[in-house]
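The values are calculated or read from the model by the stated rules, or taken from the named source; none is laboratory data. Predicted model, so just to flag it, every value in this text is computed and none were measured. A quick note on method: Cβ atoms are made from the backbone with ideal geometry, for glycine too, and the neighbour counts reach across all protein chains shown.
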Amino acid sequence: MKLVVGLGNPGLKYEFTRHNMGFRTVDSLARDMGTEFKKVKSYYSLISRGRINDHKVMLVKPQTFMNLSGRAVNRVVSYYKILLQDLLIVYDDLNLELGQIRIRKKGGTGGHKGMESIIQYLNSEDIPRLRIGIGNPSVNFNFDYVSYVLSNFNNDEKDKIKEVIQLSTEAIKTVIEDGFEKAMRKYNRKSIEP
């Protein structure tokens, strides 16, 4: 079974924020799979199960808030004995331009608190991930990054965001069906043009 975890914060207040790109992408994947999310309290998550061709897939949206994402991911990974190579974490990234995506088999946190929590709970950096660029408007050290990631996209960005969610959804399907190498070759150079 493949496990795809989208990171975000629960609640309507955060639904369309930059920090919820992981949630929005797995929502898109669930629609393509024809499945719905159900709350599973013991996993601290919303869970959706389905198939992508011959592959069983479980989608997870942790409900622990971003900074405690590892608690939920660890619970699901442990219960189902998921190998790290069968896990994919999907999340927003300040270090990529808006519209860019990057697939990696492992890496550090990049300053992302959700990924930091997952690495801590799973005790490994060998965690596959798909990072979705949300842009970084400032190189100013005094810039309020927390307010930025918790802000909604502006009207000029909304069409691009729909396209990057679709691109990310296709990239996840490629990872599941054809493996990381093919997906990285196909998608790591792509970005949505303005």
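From Gln85, Gln120, which residue is part of a helix (DSSP H, G or I), modelled with pLDDT of 95 or more, within 19 Å of Ile172 (Cα to Cα) and among the polar types (S, T, N, Q)? Steps first, please.
Working: Gln120 fails: within 19 Å of Ile172 (Cα to Cα).
The conditions single out Gln85.
Considering only residues that are surrounded by fewer than 17 Cβ atoms within 10 Å (Cβ to Cβ) and either hydrophobic (A, V, I, L, M, F, W, C) or part of a helix (DSSP H, G or I) (or both), which ones fall in the stretch 144-164? Matches in the stretch 144-164: Tyr145, Val146, Ser147, Leu150, Asn155, Asp156, Lys158, Asp159, Lys162, Glu163. Here Ile165, Ile101 are screened, and the one residue that is modelled with pLDDT of 90 or more and more than 18 Å from Glu15 (Cα to Cα) is Ile101. Any residue at all in the stretch 95-110 that is farther than 16 Å from Ile176 by Cα, touching an Asp or Glu at 6+ places or on another chain (Cβ under 6 Å), among the β-branched types (Val, Ile, Thr) and part of a loop (DSSP other than H, G, I, E, B)? Yes, there is a match, as at least one residue in the stretch 95-110 is farther than 16 Å from Ile176 by Cα, touching an Asp or Glu at 6+ places or on another chain (Cβ under 6 Å), among the β-branched types (Val, Ile, Thr) and part of a loop (DSSP other than H, G, I, E, B).
With respect to the conditions (1) touching a helix residue (DSSP H, G or I) at 6+ places or on another chain (Cβ under 9 Å); (2) small (Gly, Ala, Ser); (3) closer than 23 Å to Phe65 by Cα, Ser138 lacks only one, and its number is (3).
One residue is enough: does the stretch 18-33 have a residue meeting the conditions in contact (Cβ under 8 Å) with a residue 24 or more places away in the chain, buried (at least 18 other Cβ atoms within 10 Å of the Cβ), within 16 Å of the chain's Cα centre (by Cα) and not in a helix (DSSP H, G or I)? There is no residue in the stretch 18-33 that is in contact (Cβ under 8 Å) with a residue 24 or more places away in the chain, buried (at least 18 other Cβ atoms within 10 Å of the Cβ), within 16 Å of the chain's Cα centre (by Cα) and not in a helix (DSSP H, G or I).
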